[in-house]
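Engineer: The structure follows.
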Amino acid sequence: MQGVLGLKKDKTINVLLDLLELDPCEYIRLQVIRTFTGLGATNSKVIRALRERERAGGLLASEATKALRVLNVSASKIPSRVSTRPRKMRSVASSLAPAGSPTHRTITEV
């Protein structure tokens with residue numbers, strides 16, 4: 001998933017990490033955490049920063065917990081490999097016909 005202006009580069013992530021660490025406004029830091037979630041950022045630096053926020057307590061901790069939960073789920077849902085080979089199709093008649101019948105042999109042996 002792409003986020004901020006369609007960019008998901010290291011420079012964008014680093015700027016957001018700096019905002020999370022240095023900005024005095026809690027609302028900005030809350031929005032940065034939500035942006036990481038929207039980006040689907042699973043960078044090790046991002047995960048580390050979210051875990052640090054989680055330990056701190058307060059509103060940012062609960063938001064960081066939610067973000068970590070979402071990011072862990074999104075990382076586990078990535079398919080490992082998708083097969084592009086076409087699957088064999090079986091007709092309904094072949095599945096209903098008895099195993100020794102001529103219909104079963106002609107349809108399934110194609």
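Engineer: Of the residues that make up the range 7-25, is at least one under 16 Å from the mean Cα position of the chain (by Cα), surrounded by 10 or more Cβ atoms within 10 Å (Cβ to Cβ) and at pLDDT below 95?
Structural biologist: Within the range 7-25 (the criterion being under 16 Å from the mean Cα position of the chain (by Cα), surrounded by 10 or more Cβ atoms within 10 Å (Cβ to Cβ) and at pLDDT below 95), the answer is yes, since at least one residue qualifies.
Engineer: Just to be sure, is Arg69 modelled with pLDDT of 60 or more, within 20 Å of the chain's Cα centre (by Cα) and open to solvent by 90 Å² or more (accessible area, probe 1.4 Å)?
Structural biologist: Details: modelled with pLDDT of 60 or more: yes; within 20 Å of the chain's Cα centre (by Cα): yes; open to solvent by 90 Å² or more (accessible area, probe 1.4 Å): yes.
Criteria met by Arg69.
Engineer: Moving on. Any residue at all in the range 94-105 that's surrounded by 15 or more Cβ atoms within 10 Å (Cβ to Cβ) and at pLDDT 55 or above?
Structural biologist: Yes, there is a match, as at least one residue in the range 94-105 is surrounded by 15 or more Cβ atoms within 10 Å (Cβ to Cβ) and at pLDDT 55 or above.
Engineer: Would you pick out the residues in the range 26-64 that are outside any helix (DSSP H, G or I) and either open to solvent by 60 Å² or more (accessible area, probe 1.4 Å) or of a type in the set (Gly, Ala, Ser) (or both)?
Structural biologist: Gly40, Ala41, Thr42, Gly57, Gly58
The values are calculated or read from the model by the stated rules, or taken from the named source; none is laboratory data. Values in this document were obtained by computation on a predicted structure and should not be read as measured data. For neighbour counting, all protein chains shown are included, and Cβ atoms are generated from backbone atoms with ideal geometry for every residue, glycine included. Note: areas computed on protein heavy atoms with side chains; ligands, DNA, RNA excluded. Shrake-Rupley method; radii C 1.70, N 1.55, O 1.52, S 1.80 Å.
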